[in-house]
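Colleague: One structure, pasted below without further comment.
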């Protein structure tokens, strides 16, 4: 599927004219790929790389355009089970048009950053900036999920939340790799800014993009280091919670066994002077002895302070 856009009064506006200078191909079919390869002279390998989520970011100069493959966060849903993935986006900047390839439907021109666009080069840089901002938004979500899982782990005795935390840590590794790969491409764009024909405003904007990407990488690195450093401690917490539960269950079991033992002794069918079958208060005598055994155990338990161990 392809959509056409045009710059009107500083904004990106969708249009029905196929001559629109901004063309967005969403998971293009074979016919659309053929047009991109034959009419726009886009390399077939680069075209395939733009839709490959495992492809690294890179930039190539072609005779008629500049091809940039950039990494961006994939839209997250509950089906992903705490796994945040990355996808690729292809940007092909011509003198008179900008061709964008994306693997799935996603918002491209949302946000205040797209309200003051007067050139294709500015739009090209704004898309890169928005992608970095998208990473930052996902990092905030990952941090919130991590805090929530930490609170649940402190009271949990199973590995479910610990596994979820491990998946988050895996997501951060993917994000670090993608952000670092994007940073190399941005540096290359800065070093070849003359070939893009950037004006002074675009040059300053590119410097801001580099700063934002570096801060994004540092933030992801901090979150990753925190999760990595505390995984062992949280595993120990789960094990300790299980030990506390087992201790509590053992105490309850012993407390129940004490009166059971007393009742069992008096119910033995043996010749021994403990036979109270003919005593009128036999039942209450056994019950009192059972309660005494329970209170004796509780007294010893409290005196020895086993509840503090």
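Colleague: Express as a percent, rounded to the nearest 5, the fraction of DSSP beta bridges in the chain (both residues included) that run antiparallel.
Modeller: Numbers: 25 of 30 bridges.
Within the chain, antiparallel bridges account for around 85 percent of the total.
Colleague: For a Förster distance of 45 Å, can you work out the FRET efficiency between the beta-carbons of residue 75 and residue 251, rounded to the nearest 0.05?
Modeller: Values: r = 50 Å, r/R0 = 1.12.
Once the sixth-power term is evaluated, E becomes 0.35.
Colleague: Based on the mean of other Cβ atoms within 10 Å per residue, sort peptides 31-44, 208-221 so the most packed one is first. All intermediate terms of the calculation are to be shown ahead of the outcome.
Modeller: Values: 31-44: 13.9, 208-221: 16.9.
Descending packing order for the listed peptides: 208-221, 31-44.
Colleague: Measure nothing but the geometry: give the 0 to 90° angle between the long axis through the Cα atoms of 282-303 and the longest principal axis through the Cα atoms of the chain, rounded to 10°.
Modeller: 50 degrees
Colleague: Sticking with this structure for a sec: By how many degrees, between 0 and 90 and to the nearest 10, does the Cα long axis of helix 160-191 differ from the longest principal axis of the chain?
Modeller: For 160-191 against the chain, the angle is about 20 degrees.
Colleague: Which distance in nm do the two modelled labels at residue 105 and residue 207 give, with both placed 7 Å along the Cα-to-Cβ direction?
Modeller: Using points 7 Å along Cα→Cβ, the separation is 4.2 nm.
Colleague: Follow-up question, since we're still on this one. How would you order 163-169, 86-92, 17-23 from highest to lowest mean count of nearby Cβ atoms within 10 Å?
Modeller: Values: 163-169: 17.9, 86-92: 22.4, 17-23: 15.1.
Ranked by mean Cβ neighbours within 10 Å, highest first: 86-92, 163-169, 17-23.
Colleague: What's the FRET efficiency of residue 167 with residue 136 using the Cβ-Cβ distance as r and R₀ = 22 Å, to the nearest 0.05?
Modeller: It comes to 0.60.
Values in this text are rule-based calculations from the coordinates and carry no lab data. Since this is a predicted model, take the numbers as computed values, not measurements. Positions of Cβ are generated from backbone atoms using ideal geometry, with glycine treated the same way; all protein chains shown enter the neighbour counts.
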